[in-house]
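The values are calculated or read from the model by the stated rules, or taken from the named source; none is laboratory data. Model, not experiment: these values are computed from the prediction. Cβ atoms come from the backbone with ideal geometry, glycine included; neighbour counts cover every protein chain shown.
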Amino acid sequence: MGLIYAVLFAGLYITVSEGCIDGWVQHNDMCYFLSHDKATWYEALAVCSSVFGTLAEPSSADLQNFLVSQIPKNSSFPHQHFKYWIGISDVFKETHWMFISTQQLVSKTFWYPGEPNNNIATGLDNTDEDCVLFNWDGKGSWNDFSCTSRYLFICQKEDADVNVIG
């Protein structure tokens with residue numbers, strides 16, 4: 001009888017469920033969500049934060065390749081060129097690309113050739129490109145772009161949810 005109480009007692013206080021909620025995909029210890037709606041980079045960051053996450057931060061070739069593999073599954077048009085906001089910016093200091101959640105400098109990069117260019121090629125004024133788009137070009141190459149433009153986005157968050165019940 002004492003064993004039954006111990007099990008019930010433990011079960012009443014905390015449950016840990018691993019895995020991702022519906023609509024999210026798991027990779028290693030993180031869950032990822034590819035949006036179906038467009039937003040500015042700032043709006044996308046707010047949406048991800050509202051679910052206790054952040055914009056995706058591809059810090060390794062493994063994660064980069066995983067995200068590339070997910071994009072066609074998100075669309076009815078797998079061969080169309082899709083762009084997604086990710087959690088990298090140089091908004092704090094020009095040319096210092098940082099992960100937004102940690103403000104650590106990005107060491108492994110996947111820039112498209114000629115990027116980042118801060119829109120220098122156009123010669124336009126006031127067109128700072130301080131946020132990073134993940135381009136589905138088969139490689140997920142990065143492109144710096146104006147943070148106020150509207151694109152799809154990718155959120156990330158830890159995969160384990162801990163719920164206190166009692």
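Search the range 61-86 for residues being surrounded by 11 or more Cβ atoms within 10 Å (Cβ to Cβ) and among the hydroxyl-bearing types (Ser, Thr, Tyr), and hand back the single one that is modelled with the highest pLDDT.
Restricting to residues being surrounded by 11 or more Cβ atoms within 10 Å (Cβ to Cβ) and among the hydroxyl-bearing types (Ser, Thr, Tyr), the top hit is Tyr84.
Checking the condition at pLDDT 90 or above, touching a helix residue (DSSP H, G or I) at 6+ places or on another chain (Cβ under 9 Å) and of a type outside the set (Asp, Glu), which residue from Leu45, Leu55 passes?
So the residue among Leu45, Leu55 that is at pLDDT 90 or above, touching a helix residue (DSSP H, G or I) at 6+ places or on another chain (Cβ under 9 Å) and of a type outside the set (Asp, Glu) is Leu55.
Can we say Gly19 is in a loop (DSSP other than H, G, I, E, B), at pLDDT 90 or above and exposed (fewer than 15 other Cβ atoms within 10 Å of the Cβ)?
Criteria not met by Gly19.
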